[in-house]
Amino acid sequence: MKRILLSALLLSGSMLAVAQVKKEDLATKNTKSPGAETSVTINGKNLWIYYHAPSVRGRHIFNGAGALQPDGSVWRLGADYATVLHTDADLDLNGLAIPKGDYTLYADLDNGQWKLIVNKTLMADARHIWGVGVSPDGIREGATTNDPATELGRASLTMGKPSSPVETLKIRLSGAGGAKGKLLIEWEKVTASAPFTVK
């Protein structure tokens with residue numbers, strides 16, 4: 001009997017571990033920051049990122065005094081609900097080992113040398129984490145973005161500038177040949193990228 005109970009517990013635990021985030025649960029009605037998705041299939045394994053894409057709308061977003069997202073802060077890598085990464089395969093993201101599964105993504109804007117934060121926390125009780133800061137219902141969330149206990153780790157991003165300002169946030173996953181791929185983030189006058197390898 002104990003063996004059957006133990007097997008049932010292990011099976012239910014493994015089912016929870018592979019449960020995939022439903023993108024429709026992340027969608028909001030915020031037309032100023034609509035839901036967006038990027039995906040790529042490499043070696044038969046699918047990766048996707050779901051995020052909410054804000055626009056500049058005349059604001060100063062990054063770098064320097066008065067920036068909406070100041071240097072040294074943690075950014076939710078989008079708007080509204082935290083940005084979610086799903087991977088069907090283990091990854092090496094610029095030296096950070098990421099086991100297959102679901103994660104939330106943030107950016108540490110470390111004085112112009114950004115680092116991608118890969119966090120294991122997806123939910124706040126029965127709902128998805130609301131990025132960084134105070135959500136519309138007044139519940140403070142986002143502390144997990146700076147909590148090493150909930151982080152898988154951080155990966156350095158290569159910084160650059162787009163050829164022209166990018167009005168609406170774009171996050172792209174693309175193949176780079178063989179088992180390799182690239183993550184690219186573009187917004188306002190900043191680009192940040194990192195290579196990854198599908199294991």
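The values are calculated or read from the model by the stated rules, or taken from the named source; none is laboratory data. From a predicted model like this one, the values you see are computed outputs, not experimental measurements. Here the Cβ is made from the backbone with ideal geometry for all residues, glycine too, and neighbour counts use every protein chain on show. When the accessible area is computed, the model is the full protein with side chains, heavy atoms only, and any ligands, DNA or RNA have been set aside. Shrake-Rupley method; radii C 1.70, N 1.55, O 1.52, S 1.80 Å.
Details
- Matching residues in segment 164-192 - criterion: being surrounded by 17 or more Cβ atoms within 10 Å (Cβ to Cβ) and not hydrophobic (A, V, I, L, M, F, W, C): Gly181, Glu186, Glu188, Thr191
- Ser73 being out of contact with any Asp or Glu (no Cβ under 7 Å at 6 or more places or on another chain), among the hydroxyl-bearing types (Ser, Thr, Tyr) and open to solvent by less than 40 Å² (accessible area, probe 1.4 Å): yes
- Residue list for segment 9-53, filter: modelled with pLDDT under 90 and over 24 Å from Pro99 (Cα atoms): Ala27, Thr28, Lys29, Asn30, Thr31, Lys32
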